[in-house]
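Novice: Take this structure first; my questions come after.
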Amino acid sequence: MTAALEIRGLAKTFGDNIAVDRVDLTIPQGSFYGLVGQNGAGKTTTLSMAVGLLRPDAGTAQIFGADVWADPAKAKQLVGVLPDGMAMPERLTGREVLTYLGLLRGMSKQVVAERAEELLSVLELDDAEKTLVIEYSTGMRKKIGLATALLHAPRLLVLDEPFEAVDPVSAATIKMILRGFVAGGGSIVLSSHVMALVEQLCDHVGVIDKGRVAAAGPLAEVRGAATLEDRFVELVGAESTTARGLSWL
Amino acid sequence: MAVAATMVQMKIAILRHSIRGPRGSMMASAGSLGVLLAAGTIYLAFLEGDWLAVALAAWMLGWIVGPIFSGGDETLRPEYFSLLGLGPGRLATGLLAAAFAGLAPVISLLALAALVVAGARDGVVAALVAVPAMVLQVAVFVLLSKVTVAALGIALGSRLGAIGTGVLNGFILALLGQSWVIAVAFGQGGQIPEFVRYLPSGWGLLAVQGDYLALAAMAVLIVLLLAAWAALLTRRAGANRRSARGRRPMRAGTARQAVMAKELRTWTRDLVRNHQITFALAYGVFFAATPLLLGIPAMLPLAGPIFIAMSAAMTANSYGVDGTAHWLTLMTPGASDVRGRQLAWLVAVGPLAVLVTVAFTLAAGGPWPLVLAAMCALLGGGAGMVPLVSVYGLIPGIDPRNRGGNPLRTTEDEGSITGMAYLMLLLVALTAAPAVVAAVLFGWWGVPIGIVTGVLWYWGLGLLAERRLAAQGPELLQLMRTGRPPEGGTSAWKMPKMSKTHEVIVMLCWSFGAIPLIPQGILAAVFVSNGQLRHSWFLATYMPPGLRWPTAILMMLIGLAAMGTGAWLYMRAKQREKEPELPPVYD
């Protein structure tokens, strides 16, 4: 079966800094894939290259067999993306953002209106009908971002830190939607540095360290008998295991 | 004082980094230009009359008006210190101290050395008085600038404020552009109006001339401005606004209409764009109307064309101002983002342009063919040039939600944005050239030519922009995210790698090579051949008969040599950059 996302040898260097060093990853169809790593490990860079937001120095990425760089129209139709910290059309309301994007995707006006209505109500954004996106809180921004990613019924979701700075209530809503998406046959890749969250949600996990894949596969295989957190610390060899106090406290 | 010293150190550290960065060459050329202007000011101190007072007034105006275009120097923002619990007075004093550490204050101080020269002509005491006068005068300049920016920032918090500020700024800059009218109207030629000496910019000079009260007045003004600034800073840090008005539903049905709807909503809701368009309108109207003071209505028909060109210049960085929202365009290939933006630009600028053009040309009673031809060509040219310049010369903007207390400031790179505005004025003016020439030569035939060229500009330049966007979309996004062009990527403004010294030489050769070549060479030769002698500052026309032609030719050669040297250094560096063959980029 074709993988939902097939990453082969992706590499990116910024100046002297090798951000991503020939990463290979296979995200099987129907999987809920967690990508974990420290800050600066290369998760965002890898995902940006995989969905066509950043041109790689080398390597390929295929979404359901469609090459992201050779056949972007097909590949981008199949994927919904939630990048971290990017701007939106800030002077539109949530509903207007969804209408705008749906029409950009070539969807009919009618379908866009119905889906926007449903997304806004499920994500509890419909009471902010008059609020422009620029006035949204961080949690609301994540939710409207997720709505834009889901709008065109993609088969793969690529989410960069979807739970960062999201309150527990909103997080529960997002988790419910994501689980439903996978249950309906969709595939998800999400990056995070919260191990507990990945353990709770994902069935596959990839550990990225210093731009390389340190381990990847089904969750049970990667973590073995230990918790994911212990396994992660072991894999990336962080010095932080020997806790050091602060001298003035 | 410790706060001030720390802030100065921070500012110097940031400046040190930016000198090494890509902005270094920009700062070097701005610096050299500033030094030239300062030298000119000092020269005026040797002359009789009030010329120095006029020059100082110009410096003050520069300090006040400069930030309107650039958004002001915000290297250190008050928000950075909001958690430190500093009182407003200490914060303002610290930021003021930091504001002195920079290129512009140093150059202004250099220009104010003119006060010492003026003093030395009166004696030792006057020269000594000039030293504190210089320092106080720079403080007045810097503080006036700071208070202006802070007040603007607060005014721009509301739509009414944004529009009001746009009108005011347009008015001030139009008067500057038409300062000859003002000069003639006030002085009827040659006479410098008395009030110039009594502007705050002239107080230092008054002190040097023996009016010591002016020193005290400057000190009082500084205290008042500092207090005003401190008060404005506290307002800004607490600024938070929310809108809850009803929104008109989006009726778009296609991708292009959706882009248009998004853009038009941004035009009406984004205060930055409100300001841009009112500024352009006010500039056009006041620029064209100012000569009425002298009873000259002939410039009235220019209002519309100037409004169009100025609108294009103000919106030249349209993709940059939107920031990283560009990722959505990347994720939806095939949707016609450029065309939608072009249409929205036309809808925002077009009707106003037609209205102003028709009304003002009616008032002046013509010349209709010329004005209509120019208007049609400029509308197409503007709608074509804006996306094209915006994607080729993209200047990374600050994402709208991070703009901070000064909404006018849409980018960290204020030098480039100003340069881009000037370039845009020139480019858009060029798009009207064929239609204007046709209208001058053939009258009404100019109008269809204006329409045809306008449509061609709109279509062709938009196509080029669309292609660039499709080919370099990810690189543009990376530029917006990081503020740096990706390595190996092609940025239209990027200088090839060369040493700092070479870079400065290239910039100087290119910027100053044109002076000997064009006015002192070619134009002077024209005047000499026409027998127009002793013509303003054209050197060759003042020479004895046998030396006129040689002088003009020598000037041309100097200009060509300078520009040639610049081009040669540039080409050599470009060549060297190509030599190490890069591995093919995956595409």
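Novice: With a 10 Å cut-off between alpha carbons and a GNM built on chain A, which of A:S170, A:S121, A:S187 moves the most?
Specialist: Highest fluctuation among the options: A:S121.
Novice: Here is a follow-up. What pairs in A:K143/B:K146; A:K109/A:K130; A:K210/B:K11; A:K43/A:K130; A:K43/A:K143 have C-alpha atoms more than 30 Å from each other? Walk me through the numbers on the way to the answer.
Specialist: Numbers: A:K143/B:K146 39 Å; A:K109/A:K130 21 Å; A:K210/B:K11 33 Å; A:K43/A:K130 35 Å; A:K43/A:K143 21 Å.
Beyond 30 Å: A:K143/B:K146; A:K210/B:K11; A:K43/A:K130.
Novice: Using 1/(1 + (r/R0)^6) with R0 = 45 angstrom and r between the beta carbons of B:L355 and A:M1, what's the FRET efficiency to the nearest 0.05?
Specialist: Details: r = 63 Å, r/R0 = 1.39.
In this case the efficiency is close to 0.10.
Novice: Which distance in nm do the two modelled labels at B:Y422 and B:A470 give, with both placed 7 Å along the Cα-to-Cβ direction?
Specialist: Each label point is offset 7 Å from its Cα along the Cβ direction, giving 3.6 nm.
Novice: Expressed in nm to one decimal, what extension gain is obtained for the pair B:A4 and B:A227 from 0.36 nm per residue of sequence separation less their Cα-Cα distance?
Specialist: That pair, B:A4 and B:A227, stretches by 78.7 nm at full extension.
Novice: For the pair B:S32 and B:R572, what calculated FRET efficiency results from E = 1/(1 + (r/R0)^6), where r is the Cβ-Cβ distance and R0 = 22 Å, to the nearest 0.05?
Specialist: 0.50
Novice: Please state the shape class of chain A: rounded when a/c is under 1.5, otherwise prolate if a/b exceeds b/c and oblate if not, all from the C-alpha gyration tensor. Could you put the intermediate results ahead of the total?
Specialist: On the way: a/c = 1.73, a/b = 1.36, b/c = 1.27.
Judged from the Cα gyration tensor, chain A comes out prolate (a/c at least 1.5, a/b above b/c).
Novice: Let me know the charge dipole size of the protein assembly as shown about its Cα centre in debye, to the nearest 20, where only the beta-carbon of Lys, Arg (+1) and Asp, Glu (-1) is charged.
Specialist: Details: 65 positive and 54 negative charges, 200 e Å.
Taking the Cα centre of the protein assembly as shown as origin, the dipole is about 960 debye.
Novice: If I model a spin label as a point 7 Å beyond the Cα along the Cα-Cβ vector, how far apart are those points for B:W549 and B:L176 in nm?
Specialist: 4.4
Novice: Next question, about the same structure. Given an 8 Å cut-off on Cα distances and at least 6 residues of separation, report the relative contact order of region B:337-476 as a percent. Write out the running numbers ahead of the final one.
Specialist: Values: 165 pairs, mean separation 53.3, N = 140.
Relative contact order of region B:337-476: 38 percent.
Novice: Taking each residue in B:253-266, count the Cβ atoms of any other chain within 10 Å of its Cβ, then average. What number comes out? Write out the running numbers ahead of the final one.
Specialist: Working: counts 5, 5, 8, 2, 3, 10, 4, 0, 5, 10, 2, 0, 7, 4.
Whole-number average of other-chain Cβ neighbours for B:253-266 is 5.
Novice: What's the magnitude of the charge dipole for chain A around its Cα centre, counting Lys and Arg as +1 and Asp and Glu as -1 at the beta-carbon? Answer in Debye, nearest 20.
Specialist: Numbers: 24 positive and 30 negative charges, 98 e Å.
The calculated dipole for chain A is roughly 480 debye.
Novice: Using the per-residue mean of other Cβ atoms lying within 10 Å as a proxy for protection, in what order, highest first, do the peptides A:86-98, B:53-65 fall? Show your work: numbers first, answer last.
Specialist: Details: A:86-98: 24.0, B:53-65: 20.0.
Descending mean neighbour count gives A:86-98, B:53-65.
Novice: Next question. At 7 Å along the Cα-to-beta-carbon direction for both B:R401 and B:L83, put a label point, then send me their distance in nm to one decimal.
Specialist: 1.9
Novice: So how strong a dipole does region B:2-237 carry about its Cα centre when Lys and Arg Cβ are +1 and Asp and Glu Cβ are -1, to the nearest 20 debye?
Specialist: It comes to approximately 820 debye.
Novice: What ratio of Cα Rg to 2.2 N^0.38 Å holds for region A:117-249?
Specialist: Numbers: Rg = 17.8 Å, N = 133, 2.2 N^0.38 = 14.1 Å.
Rounded to two decimals, the normalised Rg is 1.26.
Novice: From other protein chains only, count the Cβ atoms within 10 Å of every residue's Cβ in A:70-76, then give the mean.
Specialist: Rounded to a whole number, the mean comes out at 3.
Novice: With an 8 Å Cα cut-off and a minimum separation of 6 or more residues, compute the relative contact order for chain A in percent.
Specialist: Working: 461 pairs, mean separation 64.5, N = 249.
RCO, chain A: 26 percent.
Novice: Sticking with this structure for a sec: Could you grab the relative contact order for region A:164-236? Cα pairs under 8 Å, six or more apart, rounded to a whole percent. Show your work: numbers first, answer last.
Specialist: On the way: 47 pairs, mean separation 14.7, N = 73.
So the answer I get is 20 percent.
Novice: With chain A treated as a Gaussian network of Cα nodes joined by springs under 10 Å, which of A:L78, A:L235, A:L146 yields the largest mean-square fluctuation?
Specialist: A:L235
Novice: Still on this model: So, in Å, what gap is there between the alpha-carbon centers of region A:92-108 and region B:35-61?
Specialist: 57
Novice: Further question: Between A:F14 and residues 5 or more places away or on another chain, which pairs have amide H atoms under 5 Å apart, with H built 1.01 Å from N, and which residues are they?
Specialist: A:A19
Novice: Additional query: Between A:V194 and B:D122, take the C-beta separation as r, use R0 = 60 Å, and let me know the FRET efficiency to the nearest 0.05.
Specialist: Numbers: r = 74 Å, r/R0 = 1.23.
Calculated transfer efficiency: 0.20.
Novice: Please find, in a Gaussian network model of chain A (springs between Cα atoms separated by less than 10 Å), the residue of A:G180, A:G15, A:G145 whose mean-square fluctuation is greatest.
Specialist: A:G15
No lab work stands behind these numbers, since they all come straight from the coordinates. Since we're looking at a predicted model, the values are computed, not measured. When we count neighbours, we look across all protein chains shown, and the Cβ atoms used for this are built from the backbone with ideal geometry, even at glycine.
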